[in-house]
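Remarks on the structure that follows.
The values are calculated or read from the model by the stated rules, or taken from the named source; none is laboratory data. Keep in mind that what you see is a predicted model, and the values were worked out from it rather than measured. Neighbour counts are summed over all protein chains in view; Cβ atoms, including those assigned to glycine, are modelled from backbone coordinates with ideal geometry. Heavy atoms of the whole protein, side chains included, go into the accessibility calculation; ligands, DNA and RNA do not. Shrake-Rupley method; radii C 1.70, N 1.55, O 1.52, S 1.80 Å.
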Amino acid sequence: MELGSGLVALVAITFFAAFVNGALGYGFSSLTVPVGLVFFANRVLNPALVVVEVFINLYVLFINRGAIRAVWKRVYPIIVGLLPGVALGSYVLASIHPDWLKLVTYCLLLPLILFQAAGLRRPIRAEKRLGLPFGAGLGFLYSVTTISGPPLALLFNNQGLVKHEFRAGLALIRVAESCLTAFAYWQLGLFTAEALQVGSWIIPSVLVGIPLGAYVIRRLDAETFRRICMSFDVWVVGFGLSRALMALKLVQGPMAYSAMATAVLLDLFLLYAFFKKCTSTTKSISGLSTSG
């Protein structure tokens, strides 16, 4: 029964995540993993997602191929840095107890999503020097969690990449990290029958969700849609963190949900600040239009 309900939940969340990925160019794993980990261990969920992500990332790279030349020199140090990070992270995935791995995953995700939601911007001048260590950390994060969207979005938004460059750079790195991680998982024997079965349930959601998201986003405000998706992410990660704390008996009873409550309160504050800023910007533009 648990496997059945888990698969139903996974199909639903992967459809939504694929829709978001089609709309924004990223977000598939960062939305899928927090929900999926409620029902499946990382060692089952990660290999299933990585296989699907190889094809998603290749598709995103293909449709943004025109901007590859403009961003290649900026992202290749990150791609080189991925190698040691993926190797170490894949080994950790195969070695650590599943419940501890869930806790680590949620603890890594929550601050990354909150930083992204806060819209922090501080351009980095030594971009090339940052590339190798950033790539190593990114490779470790991706191979342990299959998530790299939040730190990449933080970096690329921070460095002022325009829309097509942002998507092309993101796709280049994600093709490299998903292919390297798939190879590492294969070497470690993580592609089990259960993982491949779970992966087969994800594919239809992706095939429908991605093109639908790419179509619908033309009629939506992309920034508002992105911010609402991040709120959903924060709430789910907060819930998963609380569940992981209870599973490991680190915190028991209602107190375990204090982690989720804290995450939700922080997100509501950031969401209020976001919409307040949007309202102020709209009023300023309206005032300029009227005076003109």
Within region 32-44, can you find the residues that are among the aliphatic types (A, V, I, L, M) and open to solvent by less than 10 Å² (accessible area, probe 1.4 Å)? V33, L37
For region 68-92, enumerate the residues that are open to solvent by 50 Å² or more (accessible area, probe 1.4 Å), closer than 16 Å to L152 by Cβ and among the hydrophobic types (A, V, I, L, M, F, W, C). W72, V80
Residues being more than 19 Å from the chain's Cα centre (by Cα) and at pLDDT below 85: count how many of those fall in region 217-247. 4
Here the residues within region 230-260 that are over 24 Å from F16 (Cβ atoms), part of a helix (DSSP H, G or I) and either in contact with a strand residue (DSSP E or B) (Cβ under 7 Å, 6 or more places away or on another chain) or of a type in the set (A, V, I, L, M) (or both) are L245, M246, A247, M255, A256
Going through region 185-205 one residue at a time, which ones are open to solvent by less than 20 Å² (accessible area, probe 1.4 Å) and either within 23 Å of L141 (Cα to Cα) or not in a helix (DSSP H, G or I) (or both)? Y185, L190, A195, V198, G199, I202
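Matching residues to (1) crowded, with 24+ Cβ neighbours inside 10 Å; (2) at pLDDT below 90; (3) farther than 14 Å from T146 by Cβ:
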| site | (1), (2), (3) |
| --- | --- |
| G6 | no, yes, yes |
| N21 | yes, yes, no |
| G27 | yes, yes, no |
| S30 | yes, yes, no |
| N46 | yes, no, no |
Sole residue being out of contact with any Leu (no Cβ under 7 Å at 6 or more places or on another chain), small (G, A, S), open to solvent by 90 Å² or more (accessible area, probe 1.4 Å) and at pLDDT below 90, chosen from G292, G287, G253: G292
When you scan region 155-171, do you find a residue that is at pLDDT below 85, among the β-branched types (V, I, T) and surrounded by fewer than 18 Cβ atoms within 10 Å (Cβ to Cβ), even just one? yes
Options I56, I78, I113, I68: the member that is within 30 Å of Y272 (Cβ to Cβ), of a type in the set (V, I, T) and assigned to a helix (DSSP H, G or I): I113
Which residue out of V216, V175 is touching a helix residue (DSSP H, G or I) at 6+ places or on another chain (Cβ under 8 Å), of a type in the set (A, V, I, L, M), within 27 Å of P111 (Cβ to Cβ) and surrounded by fewer than 23 Cβ atoms within 10 Å (Cβ to Cβ)? V175
One residue is enough: does region 183-192 have a residue meeting the conditions modelled with pLDDT under 90 and within 12 Å of V51 (Cα to Cα)? no
Kindly indicate whether any position in region 123-130 is among the basic types (K, R), assigned to a loop (DSSP other than H, G, I, E, B) and open to solvent by 10 Å² or more (accessible area, probe 1.4 Å). yes
